[in-house]
Amino acid sequence: MDAWVRFTARSQGRERLLRTAQYASALLAYSLRRSGAGPELVTRLTQLEAHLSLGRKLLRLGTSVESVEAAKRAIHLPDLTLRLCVTIAHLNRAVYLGCDNLLWAGKVGLVPGLDQAKWSQRSYRYYLFALLLSLSRDVYELSVLAEREERSRGKGAGAEGPGGPDGGLTPAGRGLARLRLLWGVLRSNPPLLLDLVKNGCDLLIPLDRLGLVRTSPGLVALCGLSSSLLSIVSIAQPWLKLKP
């Protein structure tokens, strides 16, 4: 119970709960529409989704400053590739959140005449850039860990000949061995695995909204729901949050 209280006390935790409910509503509405349910129930769920989305925008007011501060901290990372990916990802997220704040102001009437469609596309564009950079960071960390693990195995198998333990394998066998190596690295690094899956799920949302990939609303809602649940896990269990 204490962990739940601490979780809901954070604005990020409350925003993730609303996000989970939003995409659950969208997924349920899509499923009911496909099954031929009454339009009144589907309309209510769609309205609930819109209200939850607006509530999330309210909770994200001012959070762009946090992203800028995170970018300032990431500048000092010793690894150049990691520094670039993390810093630029945070900056793109800050701009995305700024656009999101402006959209909220337009929806509640504080900025009348705001072109919602244009600013929504702009926000999703920056969101996409942030996700691509975050995924690049995940892939980079995975490659570094895999290379380290491969060197470690190579030292232990030095007596097996100059080709190493995989020297006599066919190309298909070497590919399979590489996949097993990557999976082993991910299994031994739950924060990296969780962040990679979460970002992969989130990636479909801006791709669909920008018209770059055509999918069904149900798939987008399912990906959004999955990434929201993974985010809740990483917030509730800080050791599962990928650092820095």
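The values are calculated or read from the model by the stated rules, or taken from the named source; none is laboratory data. Here the structure is a predicted model, which means the values were calculated and not measured. All Cβ positions, even for glycine, are placed from backbone atoms using ideal geometry, and neighbour counts span all protein chains on display. These area figures cover heavy atoms from the full protein model, side chains too; ligands, DNA and RNA do not enter into them. Shrake-Rupley method; radii C 1.70, N 1.55, O 1.52, S 1.80 Å.
Within the stretch 200-223, work out how many residues are among the small types (Gly, Ala, Ser) and closer than 19 Å to Asp138 by Cα. Full working, then the answer.
So in the stretch 200-223, the residues among the small types (Gly, Ala, Ser) come out as 200, 211, 216, 218, 221.
Applying the additional criterion that residues be closer than 19 Å to Asp138 by Cα yields 200.
Total satisfying the criteria: 1.
Name the one entry in Leu186, Leu169, Leu142 that is of a type outside the set (Gly, Ala, Ser) and either modelled with pLDDT under 90 or closer than 30 Å to Arg60 by Cα (or both).
Leu169
So is Gln121 free of Cβ contacts under 8 Å to residues at least 24 places away in the same chain and either polar (S, T, N, Q) or touching an Asp or Glu at 6+ places or on another chain (Cβ under 7 Å) (or both) or not?
Here the answer is no, as Gln121 does not meet what is asked.
Take the residues in the stretch 47-58 that are open to solvent by 40 Å² or more (accessible area, probe 1.4 Å) and hydrophobic (A, V, I, L, M, F, W, C); name whichever of them is farthest from Ala94 (Cα to Cα). Spell out the reasoning first.
Taking the stretch 47-58 first, the residues open to solvent by 40 Å² or more (accessible area, probe 1.4 Å) are 47-51, 54, 58.
From the residues that got through so far, the ones that are hydrophobic (A, V, I, L, M, F, W, C) too are 48, 50, 54, 58.
Working: Leu48: 27, Ala50: 23, Leu54: 18, Leu58: 15 Å.
Among them, the one singled out is Leu48.
Please specify each residue of the stretch 45-89 satisfying the condition of being part of a loop (DSSP other than H, G, I, E, B) and under 26 Å from Val139 (Cα atoms).
Answer for the stretch 45-89, where residues must be part of a loop (DSSP other than H, G, I, E, B) and under 26 Å from Val139 (Cα atoms): Ile75, His76, Leu77, Pro78, Asp79.
Just to be sure, is Asp100 crowded, with 17+ Cβ neighbours inside 10 Å, among the acidic types (Asp, Glu) and over 16 Å from the mean Cα position of the chain (by Cα)?
When the stated conditions are applied, Asp100 passes them.
For the stretch 129-136, state whether one or more residues are surrounded by 14 or more Cβ atoms within 10 Å (Cβ to Cβ) and farther than 20 Å from Leu207 by Cα.
No, the conditions are met nowhere in the stretch 129-136.
In the list Leu203, Leu186, Leu194, Leu230, which residue meets the criterion of being without any contact (Cβ under 8 Å) to a residue 40 or more places away in the chain, in contact with a Leu (Cβ under 6 Å, 6 or more places away or on another chain) and either hydrophobic (A, V, I, L, M, F, W, C) or surrounded by fewer than 19 Cβ atoms within 10 Å (Cβ to Cβ) (or both)? Give the derivation first.
Details: Leu203 fails: without any contact (Cβ under 8 Å) to a residue 40 or more places away in the chain; Leu186 fails: without any contact (Cβ under 8 Å) to a residue 40 or more places away in the chain; Leu194 fails: without any contact (Cβ under 8 Å) to a residue 40 or more places away in the chain.
Going through Leu203, Leu186, Leu194, Leu230 in turn, just one is without any contact (Cβ under 8 Å) to a residue 40 or more places away in the chain, in contact with a Leu (Cβ under 6 Å, 6 or more places away or on another chain) and either hydrophobic (A, V, I, L, M, F, W, C) or surrounded by fewer than 19 Cβ atoms within 10 Å (Cβ to Cβ) (or both): Leu230.
Do you know which residues across the stretch 172-182 are surrounded by 11 or more Cβ atoms within 10 Å (Cβ to Cβ) and at pLDDT 85 or above?
Residues satisfying the conditions are Leu176, Ala177, Arg178, Leu181, Leu182.
Of these, Arg44, Arg93, Arg122, which one is in contact with a Cys (Cβ under 9 Å, 6 or more places away or on another chain) and open to solvent by 70 Å² or more (accessible area, probe 1.4 Å)?
Numbers: Arg44 fails: in contact with a Cys (Cβ under 9 Å, 6 or more places away or on another chain); Arg93 fails: in contact with a Cys (Cβ under 9 Å, 6 or more places away or on another chain).
The conditions single out Arg122.
If you take the residues of the stretch 59-79 that are open to solvent by less than 50 Å² (accessible area, probe 1.4 Å) and in contact (Cβ under 8 Å) with a residue 60 or more places away in the chain, which of them is farthest from Ser11 (Cα to Cα)?
So the residue we want is Leu77.
Read through the list (1) part of a helix (DSSP H, G or I); (2) closer than 18 Å to Ser53 by Cα, then give the number of the only condition that Glu141 fails.
Going through the list (1) part of a helix (DSSP H, G or I); (2) closer than 18 Å to Ser53 by Cα, Glu141 breaks only (2).
Could you tell me which numbered condition Gly218 fails, if it satisfies all but one of (1) in contact (Cβ under 8 Å) with a residue 24 or more places away in the chain; (2) over 23 Å from Val86 (Cα atoms); (3) open to solvent by 40 Å² or more (accessible area, probe 1.4 Å)?
(3)
Looking at this structure, is Tyr23 among the aromatic types (Phe, Trp, Tyr), open to solvent by less than 30 Å² (accessible area, probe 1.4 Å) and either in contact (Cβ under 8 Å) with a residue 24 or more places away in the chain or in contact with a Cys (Cβ under 8 Å, 6 or more places away or on another chain) (or both)? Lay out the reasoning, then the answer.
Working: among the aromatic types (Phe, Trp, Tyr): yes; open to solvent by less than 30 Å² (accessible area, probe 1.4 Å): yes; either in contact (Cβ under 8 Å) with a residue 24 or more places away in the chain or in contact with a Cys (Cβ under 8 Å, 6 or more places away or on another chain) (or both): yes.
For Tyr23, the condition - among the aromatic types (Phe, Trp, Tyr), open to solvent by less than 30 Å² (accessible area, probe 1.4 Å) and either in contact (Cβ under 8 Å) with a residue 24 or more places away in the chain or in contact with a Cys (Cβ under 8 Å, 6 or more places away or on another chain) (or both) - is met.
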